[in-house]
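Q: Below is one structure. I have some questions about it.
Every number in this text was worked out from the coordinates using simple rules, so none of it is lab data. Since the structure is predicted, the reported quantities are computational estimates derived from the model, not experimental observations. Virtual Cβ from ideal backbone geometry, glycine too; neighbours counted across all protein chains shown.
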Amino acid sequence: MTAHTEATAADGAHEGSVIRRTWLFLPLFAPFGISAGYVSVTLGFILGKAGLPIAAIGVLVALSVWPQTWKVLWAPIVDTTGNPKLWYGLGAVLTGLAILAMSAIKADAGSIPFLKILIVISSIASTLVSMSTEIFMAHFVPQAAQGRASGWGQAGNLGGSGIGGGIGLLLAEHVAMPWVSGLVLALICIGCWGAVTLLPPAPRGHRHERYLDSLKNVALDVWSVAKSRLGYLALIIMLLPIASGGAQGLWSAVASEWRADANLVALVNGVMGGLVMALGCLLGGYVCDKMDNKAAYALFGIAAGIVAVLMGWSPRTPTMFVAGTLGYALAVGMGYAAYNAIVLEAIGKGAAATKFNLLAAVSNIPIAVMTEFDGWMHDEHGTMAMLYGELALPAATIAVFFLFVAATRSRKAATG
């Protein structure tokens with residue numbers, strides 16, 4: 001009883017702790033991206049080369065995504081038990097070891113059952129990395145630096161995906177022993193754990209001695225955000241198709257119109273695109289610290305649409321394909337940072353992992369919707385219509401959203 005009271009008091013002493021080295025969130029988020037990048041790029045390529053059907057590979061890649069859609073179910077456990085720094089370490093180590101095990105298994109049809117298990121383990125472990133990092137971000141980053149922290153974090157996510165896919169594939173292809181690529185990635189993941197030593201002691205002041213009371217506190221905390229104006233506006237804007245990057249999955253389908261060959265498509269959709277998106281995250285985070293996060297998010301969404309339209313108007317040359325797709329990637333990367341900043345602003349502290357992942361789950365909906373919308377527009381009306389839609393649909397929903405913001409603000413003022 002005494003030890004619990006003393007620990008709570010110590011935690012309370014650190015509630016006001018802040019970190020100003022926002023670059024720390026780049027390595028902290030990296031294992032999360034590495035897990036996804038390894039499965040979707042490196043493992044997918046190796047299995048394809050081994051002759052596995054594309055459908056079977058698609059099932060494996062999808063398995064790495066499914067835990068990300070359900071992670072809010074175990075987020076309260078991370079919020080209410082243990083030390084977030086140790087949760088991070090467990091996630092980073094398990095992610096790395098799962099990747100190492102995948103790289104050591106022979107790539108053939110007989111290995112699929114084992115790969116399925118390892119992919120799920122890696123994906124679930126990566127959620128522990130992201131959740132604990134989100135706790136650090138919510139509790140230790142001052143509001144004035146939330147944009148920059150968001151930019152660095154999303155750059156780490158995208159950069160990690162590039163490491164898991166790019167470096168993993170490079171090593172797998174050019175080193176005789178296939179497990180070497182997994183070992184390198186595992187060491188990177190585990191090494192990122194060291195970044196937590198530069199953080200203040202992890203906050204646990206919102207917990208209670210009785211575990212059921214802690215869970216009740218999480219539920220009340222989530223409800224307090226959902227019913228607040230800041231919270232429900234964040235929820236609504238997360239549902240809008242703003243900077244969703246729907247066209248990114250379709251660039252390869254329309255590349256021939258700009259006479260872009262397979263190598264060029266792979267370059268701009270792979271390493272170059274990832275780097276530009278990461279740069280966009282950093283730029284977007286900086287802008288978010290200078291203006292309202294939701295306004296910045298809308299601005300980046302409109303920018304992505306304008307780039308898409310300008311690409312449609314441009315001469316059909318490989319150079320313009322590169323310029324258009326990379327410009328689009330830059331704007332979408334800026335949108336990633338703004339999304340993260342909006343969520344941070346809305347959730348406050350407390351049960352940060354649960355609240356963050358609730359909004360993150362919602363934000364995946366418009367990504368899927370916009371991708372399907374772009375595909376429908378292309379097939380029904382052509383490429384130019386698809387690119388016009390990239391501007392028209394976000395612009396229309398943004399206009400409606402800010403009309404709603406103005407109307408609800410006026411009503412609140414009138415009733416006050």
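Q: Determine ³J(HN,Hα), in whole Hz, for all residues of region 282-289 in sequence, where each value follows from phi through the Karplus function 6.51 cos²θ - 1.76 cosθ + 1.60 and θ = phi - 60°; x replaces Gly and Pro.
A: 5, 5, x, x, 5, 5, 4, 6
Q: Something else now. What is the pair-distance distribution P(r) of region 20-202, computed from all Cα-Cα distances in 5 Å bins starting at 0, with each bin given as a whole percent?
A: Histogram of Cα-Cα distances, whole percents per bin: 1, 9, 18, 21, 19, 13, 9, 5, 3, 1, 0.
Q: Still on this model: Along the Cα-to-C-beta direction of ALA56, a point sits 7 Å from the Cα; which residues of region 87-123 have their amide N less than 13 Å from that point?
A: Correct set: 106-116.
Q: Now a separate question. Among LEU86, TRP179, ALA145, pick out the residue whose Cα is farthest towards the positive end of the charge dipole of region 20-202, where Lys and Arg carry +1 and Asp and Glu carry -1 on C-beta, about the Cα centre.
A: So the residue furthest toward the plus end is ALA145.
Q: What ³J(HN,Hα) values, in whole Hz, does the Karplus curve 6.51 cos²θ - 1.76 cosθ + 1.60 give for region 113-121 when θ = phi - 60°, with x put for Gly and Pro?
A: x, 5, 5, 4, 4, 5, 5, 5, 4
Q: Can you compute 3J(HN,Hα) from phi for each residue in region 240-246, using the Karplus curve 6.51 cos²θ - 1.76 cosθ + 1.60 with θ = phi - 60°, rounded to whole Hz and x for Gly and Pro?
A: The phi angles translate into 8, x, 10, 6, 7, x, x Hz.
Q: Also, quick follow-up: If each residue's Cβ is checked for other Cβ atoms within 10 Å, how do SER111, SER123 rank with the fewest at the top?
A: Working: SER111 16, SER123 22.
So the ranking, lowest neighbour count to highest, is SER111, SER123.
Q: Cut-off is 10 Å between beta-carbons; in what order do ASP292, ASP379 appear when sorted fewest neighbours first? Display every interim value, and only then the final one.
A: Details: ASP292 14, ASP379 11.
Fewest-to-most ranking of ASP292, ASP379: ASP379, ASP292.
Q: If each residue's Cβ is checked for other Cβ atoms within 10 Å, how do GLU257, GLU380 rank with the fewest at the top? Each step should come with its number before you reach the end.
A: On the way: GLU257 13, GLU380 9.
With the fewest neighbours first, GLU257, GLU380 line up as GLU380, GLU257.
Q: Related question: Could you list, in their original order, any pairs among LYS71/LYS294; LYS294/LYS355; LYS71/LYS290; LYS49/LYS116; LYS116/LYS294; LYS71/LYS116 whose Cα atoms are separated by more than 28 Å?
A: Values: LYS71/LYS294 25 Å; LYS294/LYS355 18 Å; LYS71/LYS290 32 Å; LYS49/LYS116 18 Å; LYS116/LYS294 39 Å; LYS71/LYS116 18 Å.
Correct reply: LYS71/LYS290; LYS116/LYS294.
Q: Let me ask another. Mind putting a number on the dipole of region 20-202 about its Cα centre? Charges go on the C-beta only, +1 for Lys and Arg and -1 for Asp and Glu, and I need it in Debye to the nearest 20.
A: Details: 8 positive and 4 negative charges, 42 e Å.
Computed about the Cα centre, the dipole is about 200 debye.
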